[in-house]
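Engineer: This structure is in structure tokens; I'll ask about it shortly.
The values are calculated or read from the model by the stated rules, or taken from the named source; none is laboratory data. Keep in mind the model is a prediction, meaning the values are calculated, not measured. Every residue, glycine as well, gets a Cβ built from its backbone with ideal geometry; the counts of neighbours run over all protein chains shown.
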Amino acid sequence: MLASACALSVLVALGSCTPATILPGETLPIAVESDVITDLGGSPTLSPGLTFLGGIELSSPEPLFGAFSSIRFRDAQSFIGVFDTGYWIEGRIQRDAGGRLAGLEAVRLAPLLDASGRESPSKYLVDAESLALDGERAFVGFEQRHRVVTYAPLADLGKALPSAPIAFPFDLDILHSNGGFESLVIAPKGSPVEGALVAITEKSFDENGNIYAAIVGGPLAGEFRVRPRDDFEITDAAFLPGGDLLLLERRFSIATGVGMRLRRVGGASIRPDALVDGEILFEANYRSQIDNMEGLDAIPEADGSVRLIIVSDDNHSILQRTLMLEFRLAPQN
């Protein structure tokens, strides 16, 4: 994908497309520019209590930047993410005087290394689609060659090495080649599956047309299913403080263009052998400032509200954008 995007970029004179070389064990500082988005546009559907706060469109002269698949915040500012081209990204968000997203700073990239500490020569092996943080280790989910591994140490992503693939309650060979684990998230305190890893696939369906998902670890380990709705595909998830699970969903077709949706699943329903569904909190189409939205995280606030930050995967295409959008979800009564 990167080679094709670079060829197109040359045609429109967007500058050099020679990616930087990152030596094993090192990270690469990069500059990231931001254009502020103040109006979501279009006519999106927002449930009561959900407010759009603003966003930024991101770009960089470094060709490695892009293909954002998942993002997780370590605190209110610092984040770690993965690109589906086989790279880590870390950095901090900047805010303006009104507290709105204004840009990124201290951004660094590093390749996802193999167990020998080498960078993979094949995207097939490092198609990272999902991320969950558990203390000082990270779970990363890959598709095409389906697996979930843990990486450590997070303090130095340039040196983080993977574990052996973790075990799942079903055979990963049943997963769709381009529809594997798009969502990994650690269940919070108070959840029936507290402390477990919850993994949800994008478009891997069972014989009844429901989406494969799993609870890994803890006393309620097992598989469950998510009911698909309206041809949307699940691209990420985040637990809310009360234990409910928020799903980020995407739809794309030539006829309708791109769509984005947020669906809230009751936390108590996530159990082995369950079929879960949930209420729609947000839906938007191509008329709004959205793109191929793939990454979601939830940042709790002191007043009980939650900031939702969502990022898009530009596929290294000049026809797509890397967006970071922010919403506020008010506390439930």
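Engineer: If you check Gly243, Gly304, which single one turns out to be at positive phi and loosely packed, with under 15 Cβ neighbours inside 10 Å?
Structural biologist: Exactly one residue qualifies, and that residue is Gly304.
Engineer: Return yes or no: is Pro188 outside any strand (DSSP E or B), closer than 30 Å to Ala106 by Cβ and in contact with a strand residue (DSSP E or B) (Cβ under 9 Å, 6 or more places away or on another chain)?
Structural biologist: It is true that Pro188 is outside any strand (DSSP E or B), closer than 30 Å to Ala106 by Cβ and in contact with a strand residue (DSSP E or B) (Cβ under 9 Å, 6 or more places away or on another chain).
Condition check ((1) in contact (Cβ under 8 Å) with a residue 24 or more places away in the chain; (2) of a type outside the set (S, T, N, Q); (3) in contact with a Gly (Cβ under 8 Å, 6 or more places away or on another chain)) across all residues:
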residue	(1), (2), (3)
Pro169	yes, yes, yes
His176	yes, yes, no
Gly180	yes, yes, yes
Leu184	yes, yes, yes
Thr201	yes, no, yes
Glu223	yes, yes, no
Arg229	yes, yes, no
Phe239	yes, yes, yes
Gly243	yes, yes, yes
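Engineer: Quick check on this structure: which one of Gly218, Gly209 is free of Cβ contacts under 8 Å to residues at least 60 places away in the same chain and closer than 30 Å to Gly257 by Cα?
Structural biologist: Every option except Gly209 fails the conditions.
Engineer: Right, here's the next one. Regarding Ala255, is this residue over 17 Å from the mean Cα position of the chain (by Cα), free of Cβ contacts under 8 Å to residues at least 24 places away in the same chain and on the phi < 0 side of the Ramachandran plot?
Structural biologist: Considered against the rule, which asks whether it is over 17 Å from the mean Cα position of the chain (by Cα), free of Cβ contacts under 8 Å to residues at least 24 places away in the same chain and on the phi < 0 side of the Ramachandran plot, Ala255 comes out as yes.
Engineer: Being assigned to a strand (DSSP E or B), touching a residue at least 60 places away in the same chain (Cβ under 8 Å), within 15 Å of Phe73 (Cα to Cα) and not polar (S, T, N, Q) is the requirement here; does Leu131 meet it?
Structural biologist: Criteria met by Leu131.
Engineer: Which residue out of Ser191, Ser163, Ser122 is polar (S, T, N, Q) and surrounded by 15 or more Cβ atoms within 10 Å (Cβ to Cβ)?
Structural biologist: The conditions single out Ser191.
Engineer: Could you list all residues from segment 200-223 that are over 21 Å from the mean Cα position of the chain (by Cα) and assigned to a strand (DSSP E or B)?
Structural biologist: Correct list: Gly222, Glu223.
Engineer: Moving to a separate point now. Taking the options Ala237, Ala284, Ala268, name whichever one is surrounded by 21 or more Cβ atoms within 10 Å (Cβ to Cβ), among the hydrophobic types (A, V, I, L, M, F, W, C) and closer than 18 Å to Ser191 by Cβ.
Structural biologist: Going through Ala237, Ala284, Ala268 in turn, just one is surrounded by 21 or more Cβ atoms within 10 Å (Cβ to Cβ), among the hydrophobic types (A, V, I, L, M, F, W, C) and closer than 18 Å to Ser191 by Cβ: Ala237.
Engineer: Kindly provide the set of residues from segment 35-48 that are surrounded by fewer than 18 Cβ atoms within 10 Å (Cβ to Cβ) and either within 17 Å of Asp291 (Cα to Cα) or touching a strand residue (DSSP E or B) at 6+ places or on another chain (Cβ under 6 Å) (or both), ordered by number.
Structural biologist: Those that are surrounded by fewer than 18 Cβ atoms within 10 Å (Cβ to Cβ) and either within 17 Å of Asp291 (Cα to Cα) or touching a strand residue (DSSP E or B) at 6+ places or on another chain (Cβ under 6 Å) (or both): Asp35, Val36, Thr38, Asp39, Gly41, Gly42, Ser43, Thr45, Leu46, Ser47.
Engineer: Please go through segment 61-77 and give me each residue that is surrounded by 13 or more Cβ atoms within 10 Å (Cβ to Cβ) and free of Cβ contacts under 8 Å to residues at least 40 places away in the same chain, ordered by number.
Structural biologist: If the condition is that a residue be surrounded by 13 or more Cβ atoms within 10 Å (Cβ to Cβ) and free of Cβ contacts under 8 Å to residues at least 40 places away in the same chain, then Gln77 is the only one that fits.
Engineer: Within the group Gly295, Gly257, Gly278, Gly218, which residue is modelled with pLDDT of 95 or more and surrounded by fewer than 19 Cβ atoms within 10 Å (Cβ to Cβ)?
Structural biologist: One residue alone meets the criteria, Gly278.
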